[in-house]
Amino acid sequence: SLFAKENLGRMSEEQLNRYDRLINEPSNDWDIYYWATEAKPAPAEFEHDVLAMLREFARNRNREQRLRQPDLEYLFEPPR
């Protein structure tokens with residue numbers, strides 16, 4: 001996703017582990033959407049800095065057009 005492309009390269013190992021749990025443990029992706037957009041409260045176990053980063057990204061304060069997913073080449077770029 002665009003969030004992953006923008007943020008994964010600068011996350012610490014602990015943040016990457018929290019991100020992994022966040023995107024893999026909930027059984028429904030809609031839950032993550034509701035938590036990120038603050039439509040529903042997140043369970044305490046997911047209230048952490050990574051969810052805060054995702055919420056800030058979802059706010060899209062710069063009004064960027066996010067019409068498509070990024071190409072996957074970024075996964076093969078050397079870390080910054």
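The values are calculated or read from the model by the stated rules, or taken from the named source; none is laboratory data. Worth saying up front: this structure is predicted, and the values here are computed from it rather than measured. Please note: Cβ atoms are built from the backbone with ideal geometry, for glycine as well, and neighbour counts cover all protein chains shown. We work out accessible area using only protein heavy atoms, side chains counted, and drop any ligands, DNA or RNA first. Shrake-Rupley method; radii C 1.70, N 1.55, O 1.52, S 1.80 Å.
Structure notes:
- Taking the Cα centre of segment 2-75 as reference, the dipole from Cβ charges on Lys and Arg (+1) and Asp and Glu (-1) amounts to some 420 debye.
- Ranking P43, P26, M53 by how far each Cα lies toward the positive end of the dipole of segment 2-75 (charges on Cβ) leaves M53 at the top.
- Per-residue Karplus couplings for segment 43-53, computed as 6.51 cos²θ - 1.76 cosθ + 1.60 with θ equal to phi - 60°, are listed in order as x, 3, 5, 9, 7, 8, 4, 5, 5, 4, 5 Hz, Gly and Pro entered as x.
- Vicinal HN-Hα couplings computed from phi for segment 7-13 (Karplus, 6.51 cos²θ - 1.76 cosθ + 1.60; Hz; Gly/Pro x): 10, 4, x, 10, 7, 6, 4
- 15 Å beta-carbon shell around N24, net charge (K/R +1, D/E -1): -3
- Fraction of accessible area attributable to carbon and sulfur, segment 2-75 (%, probe 1.4 Å): 47 percent
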